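The values are calculated or read from the model by the stated rules, or taken from the named source; none is laboratory data. On a predicted model such as this, the values are computed, not experimentally measured, just so you know. Please note: Cβ atoms are built from the backbone with ideal geometry, for glycine as well, and neighbour counts cover all protein chains shown.
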Ligand SMILES: Cc1cc2nc3c(=O)[nH]c(=O)nc-3n(C[C@H](O)[C@H](O)[C@H](O)COP(=O)(O)OP(=O)(O)OC[C@H]3O[C@@H](n4cnc5c(N)ncnc54)[C@H](O)[C@@H]3O)c2cc1C
């Protein structure tokens, strides 16, 4: 054992070295080891996929590149977080543990309780910093927005990196890349790459041009890939803090022609924390509807000859016969991203048109979203599936969405090449091709591409009747009132500052 007291900064979904309060505090207090654990409890969890661990690995490599000038590196461990901490504690004496609060799945909450006990037993103080504007243990939203704004406009917390305080973790590092799956170490060019550097490159490219049409293109499956910020995985894995993003947006808003898109984007940053706060305040929504009355909502089995499993499988495998639904799923499987509206439509198709319980699809999409963030994903999934009893019920018609959001079928053609020869007016409804048109376009309905698995006009009506009917129940309304009191922000809006703090560092100057 080396007779040195050290601080440990435990990285989780905060894989960056800037605007990092736990790291700032640790370095101010003395010798510091930066630590990350690939935890089997998450690696093996159904919500996660190799795409996530690749992104994390890339982020860690980026951190190590930044730490190299200080002769330091992240101590990376493959195993239970507590075992890695024990390892460090055998070489050094851990005095303090620093981390961000995690608003995660139940398993991480339970793991944190074990770590807390371990800290107590080993006489280690654990300091946790709140995650962006999320407040732990909050039971209502009084003054919540005020707190959010204060945090977002306060100066960034920039750690003073130095070779004298950063410990070289190579003395304890025992993870070799041969222990990690090769797929994690291999770049997938179709997906965004992890790391602070890439977060800023992506943000800069948004400001350079592509973001000007943000508010026009946000709902279009193809155009949104360019015009949306695409910062979501970087925020979800913490390559950039929400505050850094927010402050960069304030600077950009001052530029000519940027007011509208930036204002639209800033409102989404409020939502980011608003949704995570919901999950923090009622984490049971991981396994039950936030509106408890909806536990009694039975999804009637109307599909003679098609079991729930068969319906679910067709949705998962992009074989529904509805081009936009299948194109979205294929795109998601390949690239880890689709825009908000198409996510909502995929959930609506599963839960409304196919009458499949939301809990059967929620993990599948989590594993596909490179930006999977439990605190956004669960409340959004429930909202879109109509089990909150408080939000407007939106039963999306995938044909209408297709005609409106992809009128020339460019997105569909890209992901369903078997439809690429069809003219614009037929690409949204290929089952309507006449025999003559099938010959003309060398397309065989049901062979070249699946026939629709259901009739959405019929299923849409059934879903609306069920959901609106259920909403009138006494218990659903009662729960609705409870939800509003707990999770809804007061109507009175606080004035968003238009000024930038004096000591604001330009986040893009890194
Ligand atoms: C069923 C469903 C599941 C979702 N799951 C996730 C998830 O796991 N992780 C995730 O980051 N987003 C999730 N979203 C929200 C949203 O679709 C994504 O944040 C957005 O598409 C990411 O792309 P972007 O970064 O280009 O977004 P932009 O439009 O550029 O927005 C910037 C940021 O604001 C936040 N944001 C934007 N829209 C929303 C929203 N509706 N709710 C909450 N925050 C928002 C995100 O952090 C996003 O990165 C989900 C939406 C639905 C309907």
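Quick one: would you say residue 356 is over 22 Å from the mean Cα position of the chain (by Cα), surrounded by 19 or more Cβ atoms within 10 Å (Cβ to Cβ) and free of Cβ contacts under 8 Å to residues at least 60 places away in the same chain? In short, yes. Among the residues of segment 415-428, those identified as in a loop (DSSP other than H, G, I, E, B) and surrounded by 20 or more Cβ atoms within 10 Å (Cβ to Cβ) are 416, 422, 428.
Give all pairs with beta carbons closer than 6 Å in which a residue from segment 213-224 that is farther than 12 Å from residue 406 by Cα meets a residue that is more than 10 Å from the ligand (Cβ to nearest atom) and in a helix (DSSP H, G or I); count only pairs at least 6 apart in sequence or on separate chains. Qualifying pairs under 6 Å: 215/260. Candidates 310, 280, 284: the one that is free of Cβ contacts under 8 Å to residues at least 60 places away in the same chain, surrounded by fewer than 24 Cβ atoms within 10 Å (Cβ to Cβ) and within 26 Å of residue 138 (Cβ to Cβ) is 284.
Hey, among 193, 141, 197, which residue is in contact with a helix residue (DSSP H, G or I) (Cβ under 8 Å, 6 or more places away or on another chain), over 25 Å from residue 16 (Cβ atoms) and more than 14 Å from the ligand (Cβ to nearest atom)?
Details: 193 fails: over 25 Å from residue 16 (Cβ atoms); 197 fails: over 25 Å from residue 16 (Cβ atoms).
Only one candidate qualifies: 141.
Here is a list: 312, 269. Which entry is part of a helix (DSSP H, G or I), away from the ligand (no atom under 14 Å from the Cβ) and modelled with pLDDT of 95 or more?
312
For residue 365, the conditions (1) surrounded by fewer than 22 Cβ atoms within 10 Å (Cβ to Cβ); (2) more than 18 Å from the chain's Cα centre (by Cα); (3) modelled with pLDDT of 95 or more are fulfilled apart from (2).
Per-residue answers, yes or no, for (1) surrounded by fewer than 24 Cβ atoms within 10 Å (Cβ to Cβ); (2) out of contact with any strand residue (DSSP E or B) (no Cβ under 9 Å at 6 or more places or on another chain):
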residue	(1), (2)
9	no, no
21	yes, no
39	yes, no
46	yes, yes
52	no, yes
62	yes, yes
66	yes, yes
70	yes, no
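Quick check: is even one residue across segment 429-444 within 32 Å of the chain's Cα centre (by Cα) and part of a loop (DSSP other than H, G, I, E, B)? Among the residues of segment 429-444, at least one is within 32 Å of the chain's Cα centre (by Cα) and part of a loop (DSSP other than H, G, I, E, B), which makes the answer yes.
Does residue 131 meet the test of being farther than 22 Å from residue 283 by Cβ and either surrounded by 13 or more Cβ atoms within 10 Å (Cβ to Cβ) or free of Cβ contacts under 8 Å to residues at least 12 places away in the same chain (or both)? It is false that residue 131 is farther than 22 Å from residue 283 by Cβ and either surrounded by 13 or more Cβ atoms within 10 Å (Cβ to Cβ) or free of Cβ contacts under 8 Å to residues at least 12 places away in the same chain (or both). Within segment 346-377, being within 11 Å of the ligand (Cβ to nearest atom) and farther than 25 Å from residue 460 by Cβ holds for 366, 367, 369, 370, 371, 372, 373, 374, 375, 376.
Which of the residues belonging to segment 380-414 are crowded, with 23+ Cβ neighbours inside 10 Å, in contact (Cβ under 8 Å) with a residue 60 or more places away in the chain and either more than 13 Å from the ligand (Cβ to nearest atom) or not in a loop (DSSP other than H, G, I, E, B) (or both)? Hits for segment 380-414 are 382, 389, 398, 401, 402, 406, 409, 411, 412. Between 222, 250, 203, the distinction of being more than 12 Å from the ligand (Cβ to nearest atom), over 27 Å from residue 105 (Cα atoms) and assigned to a helix (DSSP H, G or I) belongs to 250 only.
Scanning segment 200-211 for residues that are closer than 30 Å to residue 403 by Cβ and out of contact with any helix residue (DSSP H, G or I) (no Cβ under 6 Å at 6 or more places or on another chain) returns 206, 209. Taking segment 232-244 as the range and being near the ligand (Cβ under 10 Å from one of its atoms) and surrounded by fewer than 24 Cβ atoms within 10 Å (Cβ to Cβ) as the test, the residues that pass are 232, 235, 236, 242.
Right, residue 325: in contact with a helix residue (DSSP H, G or I) (Cβ under 6 Å, 6 or more places away or on another chain), within 25 Å of residue 487 (Cα to Cα), more than 10 Å from the ligand (Cβ to nearest atom) and in contact (Cβ under 8 Å) with a residue 60 or more places away in the chain or not? In short, no.
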